[in-house]
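Undergrad: Please read through the structure below; I'll follow up with questions.
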Amino acid sequence: MSNLHANHLPPLWSWQELSAGLTGRRVAGPDVYRVTIDSRQAQPGDLFLALPGDPGNRFNPSHRSTVDGHDFVEAAAKKGAVGALVHKKVDTTNSKMALLKVKDTYDGLWTLGRMARSRLDGQIVAITGSNGKTTAKQFLTAALDAYAPPGSFNNHIGVPLALANAPENSTTGVFEVGTNHPGEIEPLAKMIKPDVAMVLNVHQAHIENFTSRSELKEEKISIFNSLKCKDNSISEDNLGLEFGATFGETRQANARVKALEGDCVYLSLYGRMLTACVPGGGIHRAKTVAATVLACHILDRDLTPACQLSNDLIPAGRGNIRRVNQVTVIDDSYNANPQSMRAGLSSLLTAPANVRVAVIGEMLELGSQGDQAHLELAPLLESVDHVICVGAGTHGLAKHLEQPWFPKASEDLTSYLIDLCKDETTVFIKGSNRIFWANQFVDTFLSTLDSMSSK
């Protein structure tokens, strides 16, 4: 959307609202149509938030930098931003951009998130889990016809920014909450104030900063402290919680997966038999469908949309099927942990193919468990025709399997992989975000494969 005004959308915020809530002084100024933190992506009508790249000790970003949003206020103005939230003096001589001055722009962002939540009257769902959050968000957004932010807006910046961009008239909203350190989920969940909260699973993802899986579990279920009614909590049955509703495969699950046939799942919802589509297939997604149906039931919504989800709901890099000529790529490159890796490999092993290739990227943030977690993939990988390991943490696995190893996703890896791709080859690519996704490896590989095929 290049020009929000041209599409006749109503303003998201008035300057009077923003100034009163953020500075305590109501003043006149431009209407705001969107809130952004990236000057490169600024659009006409935006409010640009000037955030430092290092938020200090109060937050635990995956990366700290010396980049400061205050240095890009004018750049945002050139893209059409009408105002900026700042805590330093900035030069706006050339743009005459309207400014909101606060003591700290991170505090201002969180205040804006709370302001946004206070004006939402619709039903709100919050999701956490070790993996599958964005897929669940996509499923719920479609099932509930809800507002949801694009991408994975689930941290100390993403959650308040997602709220800040929620239209005031949203009848339903779906938000993700993530963590990589103890104590991060509860404050974000309390900002969201959900009507229903969901814990999809508790696996080894991001466990390096936790003393045990038990501590990680406590962090995940702290999302339920944001609920007015604990009966509106949803969790995977194997977590063994004594409150709320559950989904899974056991007899005790309130939304139980009884059978999975291809992309069709047979569910028992409190004893009521339902048939539902599973976008992308697989038992892990069937469970997510069960959780989606359960949330719709708790919110007293029509279950039909939740049972008729389409395949195009699978977010990019989460197991999407991509084809070039006779080569099929299972693009699961967005992220990885041991459980999601095993689920993805199971999909590869059941996929129709003459030749199966697994490109296994390092699973990061596993701490001292990393080496063993990679080696435990060996039994599944022994059934795959070709295995390629990528990243420092996979070196031991490659050596154990006597398979090739690459230090990173490079041109050499692309060339090696292309040589393996014959007719009816299926390639599975999965690793932590920084291994493949951040480098757009799958797109590069497919583009190269396509260009070579057309010669």
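The values are calculated or read from the model by the stated rules, or taken from the named source; none is laboratory data. Because the structure is predicted, anything quoted here is derived from the model rather than measured. All Cβ positions, glycine included, derive from the backbone under ideal geometry; neighbour counts span all protein chains shown.
Undergrad: Let me spell it out: the conditions are (1) under 23 Å from PRO150 (Cα atoms); (2) assigned to a loop (DSSP other than H, G, I, E, B), and LEU47 meets all of them except one. Which number is the exception?
TA: The single condition LEU47 does not satisfy is (2).
Undergrad: Return the total of residues in region 350-384 being hydrophobic (A, V, I, L, M, F, W, C) and modelled with pLDDT under 90. So that I can check it myself, show each step before the final result.
TA: First, the residues of region 350-384 that are hydrophobic (A, V, I, L, M, F, W, C): 351, 353, 355, 357-360, 363-364, 366, 373, 375, 377-378, 380-381, 384.
If we keep only those that are modelled with pLDDT under 90 as well, we get 351, 353, 366.
Looking only at that region, the number is 3.
Undergrad: Taking ASP107 as meeting all but one of (1) under 27 Å from the mean Cα position of the chain (by Cα); (2) free of Cβ contacts under 8 Å to residues at least 60 places away in the same chain; (3) outside any helix (DSSP H, G or I), write down the number of the exception.
TA: (3)
Undergrad: Only residues that are surrounded by fewer than 15 Cβ atoms within 10 Å (Cβ to Cβ) and either of a type in the set (Phe, Trp, Tyr) or in a loop (DSSP other than H, G, I, E, B) (or both): list them for region 59-89, please.
TA: PHE59, PRO61, SER62, HIS63, ARG64, SER65, THR66, VAL67, LYS88, LYS89
Undergrad: Out of (1) farther than 30 Å from GLU365 by Cα; (2) touching a residue at least 24 places away in the same chain (Cβ under 8 Å); (3) in a loop (DSSP other than H, G, I, E, B), what's the single condition that is false for THR92?
TA: Only one criterion in (1) farther than 30 Å from GLU365 by Cα; (2) touching a residue at least 24 places away in the same chain (Cβ under 8 Å); (3) in a loop (DSSP other than H, G, I, E, B) is unmet by THR92, namely (2).
Undergrad: Here's another thing I want to ask about it. Tally up the residues in region 110-134 that are crowded, with 22+ Cβ neighbours inside 10 Å and assigned to a strand (DSSP E or B), please.
TA: The qualifying residues number 5.
Undergrad: List the residue pairs whose Cβ atoms are under 8 Å apart, where the first residue sits in region 337-350 and is in contact (Cβ under 8 Å) with a residue 40 or more places away in the chain and on the phi < 0 side of the Ramachandran plot, the second is part of a helix (DSSP H, G or I) and small (Gly, Ala, Ser), and the two are 6 or more positions apart or on different chains.
TA: Every condition considered, the pairs that remain are PRO338/ALA373.
Undergrad: Okay, moving on. Here is a check on your reading of the model: is LEU260 closer than 26 Å to VAL427 by Cβ, outside any loop (DSSP other than H, G, I, E, B), outside the structural domain of ALA373 (by TED's automatic domain parsing) and in contact (Cβ under 8 Å) with a residue 12 or more places away in the chain?
TA: It is true that LEU260 is closer than 26 Å to VAL427 by Cβ, outside any loop (DSSP other than H, G, I, E, B), outside the structural domain of ALA373 (by TED's automatic domain parsing) and in contact (Cβ under 8 Å) with a residue 12 or more places away in the chain.
Undergrad: Here's another thing I want to ask about it. State yes or no: is GLU208 out of contact with any Cys (no Cβ under 8 Å at 6 or more places or on another chain), surrounded by fewer than 18 Cβ atoms within 10 Å (Cβ to Cβ), part of a loop (DSSP other than H, G, I, E, B) and among the charged types (D, E, K, R)?
TA: Numbers: out of contact with any Cys (no Cβ under 8 Å at 6 or more places or on another chain): yes; surrounded by fewer than 18 Cβ atoms within 10 Å (Cβ to Cβ): yes; part of a loop (DSSP other than H, G, I, E, B): no; among the charged types (D, E, K, R): yes.
Against the criterion (out of contact with any Cys (no Cβ under 8 Å at 6 or more places or on another chain), surrounded by fewer than 18 Cβ atoms within 10 Å (Cβ to Cβ), part of a loop (DSSP other than H, G, I, E, B) and among the charged types (D, E, K, R)), GLU208 does not qualify.
Undergrad: Another question, then. Among the residues of region 256-292, write down those that are at pLDDT 95 or above, β-branched (Val, Ile, Thr) and surrounded by fewer than 21 Cβ atoms within 10 Å (Cβ to Cβ).
TA: Scanning region 256-292 gives a single hit, THR275.
Undergrad: On the given criteria, is VAL329 closer than 30 Å to TRP437 by Cα and more than 22 Å from the chain's Cα centre (by Cα)?
TA: Values: closer than 30 Å to TRP437 by Cα: yes; more than 22 Å from the chain's Cα centre (by Cα): no.
So VAL329 does not fit the description; no.
Undergrad: I've got another one for you. Do you know which residues across region 218-255 are in a helix (DSSP H, G or I) and surrounded by 19 or more Cβ atoms within 10 Å (Cβ to Cβ)?
TA: Of region 218-255, the ones in a helix (DSSP H, G or I) are 218-226, 230-232, 237-239.
Residues satisfying the conditions are GLU219, LYS220, ILE221, SER222, ILE223, PHE224, SER226, ASN232, ASP237.
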